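The values are calculated or read from the model by the stated rules, or taken from the named source; none is laboratory data. Since the structure is predicted, the reported quantities are computational estimates derived from the model, not experimental observations. Glycine gets a Cβ as well: all are built from the backbone with ideal geometry, and neighbour counts include every protein chain shown. Remember, those area values only see protein heavy atoms, side chains included, never the ligands or the DNA or RNA. Shrake-Rupley method; radii C 1.70, N 1.55, O 1.52, S 1.80 Å.
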Amino acid sequence: MGILEKLRLAVDNDSTAPDWVVLDLHGSYPAYQAADPVQSLLRRGESLEGLTGRLEKLAGTDWVRGVLVRVGKLDAGLTTAHAIGRAVGRLAESKRVVGYVPQVNMRTLLVTASLTEVVAPESAEVRLPGFAAEQVFYGAFLTKHGITFENLRIGEYKAALTRFSEKGMDEHNREQLTAYVDSAERSWTGHVTEGKEGADGVLEAGLTSADQLLERGLISRIGYDDEICTLVEHRWTRTVELLLPRGLGRKARQAEHIAVVPVTGPIVTGRSRGTPPVPFLPGAQTGSETVVAALRKADRDEDVKAILLYVDSGGGSALASDVIGRAVASCTTPVVAVMGSVAASGGYYVLTAADHVVADPYTLTGSIGVVVGKPVLSGFDGRHGFKPEAVGREGALFESPHRPFSDDDRAWAERMMDEVYGRFVDRVAAGRGLTTERVDEIGRGRIWSGADAHELGLVDELGDLDTGIAAARRLGDLPEDAAAKPLSHGLQLPGAPSFGKDPASALAGLWPFGSETVLTWFDRSVTIR
């Protein structure tokens, strides 16, 4: 769906000229459009940056008297839904904003939580079940097909590879996911029900109808969107005015600005690279060389007064994460880190030295730990007639998927993991002003919600992208309307992993980190529903 289809003009029932805007919310709303033009084409739809910019423009447009926000099918995560809700709430401070929610669920109510006018049709679909975390474990399936998985980890909560190595969820993983879900529900209840009489216990009530929503104060009235305003044909002068990016005008003329450096997807050594949206293949990956070059470029630019590091990543290579973290620490320009839906393990490592860290209450973060692993296809090989043979030193076959770790391999890996974990803990302690003992206590691979991480001192402030931009303007001594500009890294064509000729090598080729076996990685396979 294009931007034009998401933004339409309407008239109030008492007016003849268009004085309302109808904004349709659909899709996933990634934080920023990819700087790579090829990836931008593959990722259709509007970004969160574009949406919030459009809402800011609406707030400053004189002829706009009201905005109808129709919340459709949102594929966005909780952090994005919350950020959209905050942006809509800011618009409501200067314009009349009415939310319309034909499908009432946990995410759509989060979007309209700050509005005093929320309308749902009599036939609204209502489902408010709370949250749950779900993860599929493949250990039994892989074993059945002759494939096992080596999984060495620090510490007991580090569950990055357990879905491959185990048959089910262990008690530590169950404990941390339960704690995250409980925190998310507390945050949601605070955001959605605050100040609404009768809204207590809404998650236990099993609501099914718009009448019940109205009784609980979760909507302000029952009705249909055409009872609020009426769509009209596009008036191109006004439509184009709303579609013009906010970079045109004063902000575009300002030289001094914030440079935005994104870290999204798995973190690997080398350059950032994308892959086509093909099932079972790793998605776009952030390369340490690309991010370090961007940080250094921004730090050298006299017009860049602050850097915003946007992290939406479960981490990856321990080496790559440390190299990026070192580049952040070396910046003389203030660095503000903003967490997306996930900034865990290596995704937390890279931002520990930032001058200010912002997370959403629903962000999944922490996971300070280390893991080493690999798929082992020896059973698969035997079952299908493959017979790998080798000569030379056994230690040189550490990464081979055709054999398990030997005792010497395990001893070497455990020493290396201890060193990596100690370095990770030291980086967090230095960046966050905590003792190493305290970091180890809240580390051990355990995940935290953004709200809990704030309580623990892993995060400075709860908020969203706009919160981070405001902090960057503050630290960079910039005006309130200073622009935040994503750095472009030039054209990067998408590519796929190159597989070997035999099926066993092809299976091993699905491992997204190649030969990088020492990982600070949180597996994003957990689905929050």
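If I filter region 129-166 down to residues being of a type in the set (D, E, K, R) and part of a strand (DSSP E or B), which single residue comes out as surrounded by the fewest Cβ atoms within 10 Å (Cβ to Cβ)? I'd like the intermediate steps shown before the answer.
Just the residues of region 129-166 that are of a type in the set (D, E, K, R), to begin with: 134, 144, 150, 153, 156, 158, 163, 166.
If we keep only those that are part of a strand (DSSP E or B) as well, we get 134, 150, 153.
Details: Glu134: 11, Glu150: 20, Arg153: 22.
The residue in question is Glu134.
Suppose we filter Thr269, Thr286, Thr290 for residues that are open to solvent by 40 Å² or more (accessible area, probe 1.4 Å), within 15 Å of Gly325 (Cα to Cα) and at pLDDT 60 or above; which single one remains? First the steps, then the outcome.
Values: Thr286 fails: open to solvent by 40 Å² or more (accessible area, probe 1.4 Å); Thr290 fails: open to solvent by 40 Å² or more (accessible area, probe 1.4 Å).
Matching residue, one of Thr269, Thr286, Thr290: Thr269.
Just one of Arg383, Arg438 is outside any loop (DSSP other than H, G, I, E, B), at pLDDT 95 or above and either open to solvent by less than 20 Å² (accessible area, probe 1.4 Å) or among the charged types (D, E, K, R) (or both); which is it? Lay out the reasoning, then the answer.
On the way: Arg383 fails: at pLDDT 95 or above.
Answer to the check: Arg438.
Checking the structure you have, find out if any residue of region 480-494 is in contact with a Ser or Thr (Cβ under 8 Å, 6 or more places away or on another chain), over 24 Å from Arg300 (Cα atoms) and at pLDDT below 95. Yes.
Do any strands (runs of 3 or more DSSP E) lying entirely in region 20-104 carry at least 2 residues that are modelled with pLDDT under 95, and which ones are they? Once the strands (runs of 3 or more DSSP E) in region 20-104 are filtered for at least 2 residues that are modelled with pLDDT under 95, what remains is 20-27, 66-74.
The residue pairs whose first member lies in region 382-398 and is of a type in the set (D, E, K, R), whose second member is open to solvent by less than 70 Å² (accessible area, probe 1.4 Å), and whose beta carbons are closer than 9 Å, counting only pairs six or more residues apart or on different chains, are Arg383/Gly146; Lys387/Asp381; Glu394/Arg403; Glu394/Ser406; Glu394/Asp409. Within region 175-193, is even one residue touching a residue at least 12 places away in the same chain (Cβ under 8 Å), part of a loop (DSSP other than H, G, I, E, B), of a type outside the set (Asp, Glu) and within 22 Å of Arg86 (Cα to Cα)? For region 175-193, residues touching a residue at least 12 places away in the same chain (Cβ under 8 Å), part of a loop (DSSP other than H, G, I, E, B), of a type outside the set (Asp, Glu) and within 22 Å of Arg86 (Cα to Cα): absent.
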